[in-house]
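A short worksheet on the structure shown next.
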Amino acid sequence: MSEIRIAAETRSEFGKGAARRARRAGFVPGVVYGHGHAPVHLNLPGHDLMMALKTPNALLVVPIEGKDEYVLPKAVQREAIKRTIEHVDLLLVKRGEKVTVEVPVHTEGELAPGGNLLEHVLQALPIEAEATHLPEAVTVSVEGLEAGASIHAKDIVLPNGVSLAVEGDAVVLQVIAAQAAPAEEEAEEAEAGAEA
């Protein structure tokens with residue numbers, strides 16, 4: 001995963017009024033915490049942050065007290081209707097440090113014929129990996145799977161240096177048999193009654 005540099009600036013004003021002023025100026029208020037350091041309050045450029053957060057578990061590089069630091073987004077608060085970013089909590093991480101994050105589960109391939117449905121029991125897979133080498137997603141083949149089949153966390157091939165942060169027996173995906181539509185069921189019942 002590549003690093004995304006964001007030109008943040010330290011903020012000294014706090015409270016709702018200061019946050020509103022920052023947002024009007026195109027910034028997103030944020031706080032960086034972790035490694036026993038006192039929280040650092042920042043204003044981050046709104047557009048740059050929005051683009052960076054399109055990548056799951058984006059590794060951001062922000063200047064803190066004159067030094068570039070690695071941070072991971074931990075909590076993002078969005079405005080309910082416009083979905084603009086209102087506030088972000090960032091976790092300070094170090095190169096080589098292991099962190100636990102959730103990565104999206106992508107699928108490839110076609111299920112066995114028959115109109116079966118694929119259910120994502122886990123939308124994201126909890127993993128542990130080095131903070132500077134987080135995968136963007138994991139991909140699972142569902143080629144030819146039939147109704148009743150399931151894929152467990154332990155069945156997913158992970159990149160080198162990545163381990164599961166969930167029980168191996170946890171179901172990630174399962175194939176569900178297609179259900180007949182109610183009108184079809186009634187027609188079948190009527191046919192069975194007519195034959196009797």
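The values are calculated or read from the model by the stated rules, or taken from the named source; none is laboratory data. Just so we're clear, the structure is a prediction, and the values are computed from it rather than from any experiment. Cβ placement follows ideal geometry from the backbone for every residue including glycine, while neighbour counts extend to all protein chains displayed. Ligands, DNA and RNA are excluded from the accessible area calculation, which covers all protein heavy atoms including side chains. Shrake-Rupley method; radii C 1.70, N 1.55, O 1.52, S 1.80 Å.
The single condition from (1) in contact with a helix residue (DSSP H, G or I) (Cβ under 8 Å, 6 or more places away or on another chain); (2) open to solvent by 40 Å² or more (accessible area, probe 1.4 Å) that G96 fails is (1). Against the test of being within 22 Å of H133 (Cα to Cα) and touching a residue at least 40 places away in the same chain (Cβ under 8 Å), the options L59, L111 yield a single qualifying residue, L59. Screening A170, A149, A124, A137 for residues that are hydrophobic (A, V, I, L, M, F, W, C), over 19 Å from the mean Cα position of the chain (by Cα) and open to solvent by 20 Å² or more (accessible area, probe 1.4 Å) leaves exactly one candidate, A149.
The combined condition, being closer than 13 Å to A112 by Cα, open to solvent by less than 50 Å² (accessible area, probe 1.4 Å) and outside any helix (DSSP H, G or I), is fulfilled by V175. Cβ separations smaller than 6 Å between residues 6+ apart or across chains give the following pairs from the range 71-91 residues that are open to solvent by 40 Å² or more (accessible area, probe 1.4 Å) to residues that are in a loop (DSSP other than H, G, I, E, B) and modelled with pLDDT under 90: E86/E79. If the condition is being at positive phi and open to solvent by 50 Å² or more (accessible area, probe 1.4 Å), then the range 26-70 contributes H35, G36, E65, G66. Restricting attention to the range 91-145 and to residues that are among the β-branched types (V, I, T) and part of a loop (DSSP other than H, G, I, E, B), the residue that is farthest from D68 (Cα to Cα) turns out to be V142.
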